[in-house]
Amino acid sequence: MPNAAGENGKESNQDLSEVSVALSTEDDYRVVVAEECFDWRELTSSGLRDALDSLAEVLWPLADGRKAAFMEPAYDVECRPSVALIDALYSSEGELPRDKRVLLQQLLGKCRRVEPDEADLPQPVRVADGPWREPSWGTAHALSRAAAGRAMSCLLAPYAAEPDWPSGWLTVRRTTEVGHDEVKMHILRLPDDTPGFWRGLLTHENVPADRFFTFVEDAFPRLLFANSLGLHHFKGAYGEILPWLVKLLGALDDHFTRMLAECGGDQKQVVRRFSALGLDISPESPNTKKNAKAWEQRNVDYRDGTYRCEWHGKRLWDRDRVHFSLPIAAHDDRVLIGIFVGHLET
């Protein structure tokens, strides 16, 4: 987990901040911390420390003042036998180790506190063929916002046994005043679940093109993005491009560097593995490398250097390419996404 200064050994794509459109400060939180995260009543002392570490690890990158929220009633949750969360956080007699207590104070202090309203009133819900359960205020609030068309994630720490919902995007059936409805919502339990939420947000809400780059650092943390990128450079319309683009970038983020290592640099094996994922990627051909003008077009400036984006993924055989580099050692082996284009010279 990063230290208190927020250092995590990796660079951020802060250069994109100039082109990113900031979300409104009034309505921008996407993750709601459910009260189940604060139920430590059955845990031993060592189990409590592990649980607090797990919660801090998943909450740390979200507690930035805008991404996450929790419900005001959470302070009244019985987190240890006969101990409410508010007392556990701010009293030395609350049974929480001091270092963990201080860290949790800091993290929750950077989350937005939300007063529930009538739309957040917990009503029975179920997932798939599971039992009907009454959700917490936090879960109900996340579902309420999701029902209004907003991509939302509910943070349920890994130690939270109830509800026993898996990580990822789920369809939740809710009880309503007029019967039932179904709401798609994301469940966040581990840090590795987080990119999947932001990727799903991009397609779930069909995020406008001028806000796409607002989310890429969270959605694709192992990728770098050149400042020169523009979605208008594709030939296809944005609505046609978006699902493919998110799928391609997600696969590159998750698999490309690892597959190169596992395949010992065998490019054909890497191409076949991506083909099995339903994606068409390839390195540039020998003819392209012999064409000095075409080869120069693959060079991309990024921060302190120029890097050749010698691989590309294509949406269709004759149009819409994403050109990207091999892993860059100077940037923690991350991959540079350097060019969005209809088609370059070959």
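Among the residues of the range 84-110, write down those that are within 27 Å of the chain's Cα centre (by Cα) and part of a helix (DSSP H, G or I).
Residues of the range 84-110 that are within 27 Å of the chain's Cα centre (by Cα), as a first pass: 100-110.
Once the filter is applied, which keeps residues that are within 27 Å of the chain's Cα centre (by Cα) and part of a helix (DSSP H, G or I), the range 84-110 yields Lys100, Arg101, Val102, Leu103, Leu104, Gln105, Gln106, Leu107, Leu108, Gly109.
Scanning the range 103-127 for residues that are in contact (Cβ under 8 Å) with a residue 24 or more places away in the chain and aliphatic (A, V, I, L, M), which turns out most open to solvent (accessible area, probe 1.4 Å)?
This residue is Ala119.
Which strands (runs of 3 or more DSSP E) sit wholly inside the range 239-346 and have at least 1 residues that are under 26 Å from Leu202 (Cα atoms)?
Working: elements: 281-283, 299-302, 305-308, 311-316, 319-324, 335-341.
The strands (runs of 3 or more DSSP E) meeting that bar are 281-283, 299-302, 311-316, 319-324, 335-341.
Quick check on the range 67-83: of everything there that is open to solvent by 10 Å² or more (accessible area, probe 1.4 Å), touching a helix residue (DSSP H, G or I) at 6+ places or on another chain (Cβ under 6 Å) and in a helix (DSSP H, G or I), which residue is nearest to Ala142 (Cα to Cα)?
Ranking the candidates gives Pro73 first.
If you take the residues in the range 215-273 that are touching a helix residue (DSSP H, G or I) at 6+ places or on another chain (Cβ under 8 Å) and among the aromatic types (Phe, Trp, Tyr), which one is farthest from Trp317 (Cα to Cα)?
Only one residue tops the list, namely Phe215.
Yes/no per residue for (1) in contact with an Asp or Glu (Cβ under 6 Å, 6 or more places away or on another chain); (2) hydroxyl-bearing (Ser, Thr, Tyr); (3) crowded, with 21+ Cβ neighbours inside 10 Å; (4) modelled with pLDDT of 95 or more:
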residue: Gly149; (1), (2), (3), (4): no, no, no, no
residue: Cys154; (1), (2), (3), (4): no, no, yes, yes
residue: Gly168; (1), (2), (3), (4): no, no, no, yes
residue: Arg173; (1), (2), (3), (4): yes, no, no, yes
residue: Glu177; (1), (2), (3), (4): no, no, no, no
residue: His186; (1), (2), (3), (4): no, no, yes, yes
residue: Asp193; (1), (2), (3), (4): no, no, no, yes
residue: Trp198; (1), (2), (3), (4): yes, no, yes, yes
residue: Phe220; (1), (2), (3), (4): yes, no, yes, yes
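Which residues, counting only those in the range 241-273, are under 22 Å from the mean Cα position of the chain (by Cα) and open to solvent by 40 Å² or more (accessible area, probe 1.4 Å)?
Of everything in the range 241-273, those that are under 22 Å from the mean Cα position of the chain (by Cα) and open to solvent by 40 Å² or more (accessible area, probe 1.4 Å) turn out to be Pro243, Lys247, Asp254, His255, Thr257, Arg258.
Name every residue in the range 45-66 that is under 16 Å from Ala88 (Cβ atoms) and open to solvent by 70 Å² or more (accessible area, probe 1.4 Å), in order of residue number.
Within the range 45-66, Ser45, Arg49 qualify.
Taking only the range 131-184 into account, find how many residues are in contact (Cβ under 8 Å) with a residue 24 or more places away in the chain, of a type in the set (Val, Ile, Thr) and more than 19 Å from Asn206 (Cα to Cα).
Qualifying residue count for the region: 4.
So, in the range 291-338, of the ones that are of a type in the set (A, V, I, L, M, F, W, C), crowded, with 22+ Cβ neighbours inside 10 Å and under 24 Å from the mean Cα position of the chain (by Cα), which residue ends up farthest from Leu229 (Cα to Cα)?
Val335
The values are calculated or read from the model by the stated rules, or taken from the named source; none is laboratory data. Just so it is clear, the model here is predicted, and its values are computed rather than measured. Positions of Cβ are generated from backbone atoms using ideal geometry, with glycine treated the same way; all protein chains shown enter the neighbour counts. To get the accessible areas, we keep the full protein, side chains included, count just its heavy atoms, and leave off ligands, DNA and RNA. Shrake-Rupley method; radii C 1.70, N 1.55, O 1.52, S 1.80 Å.
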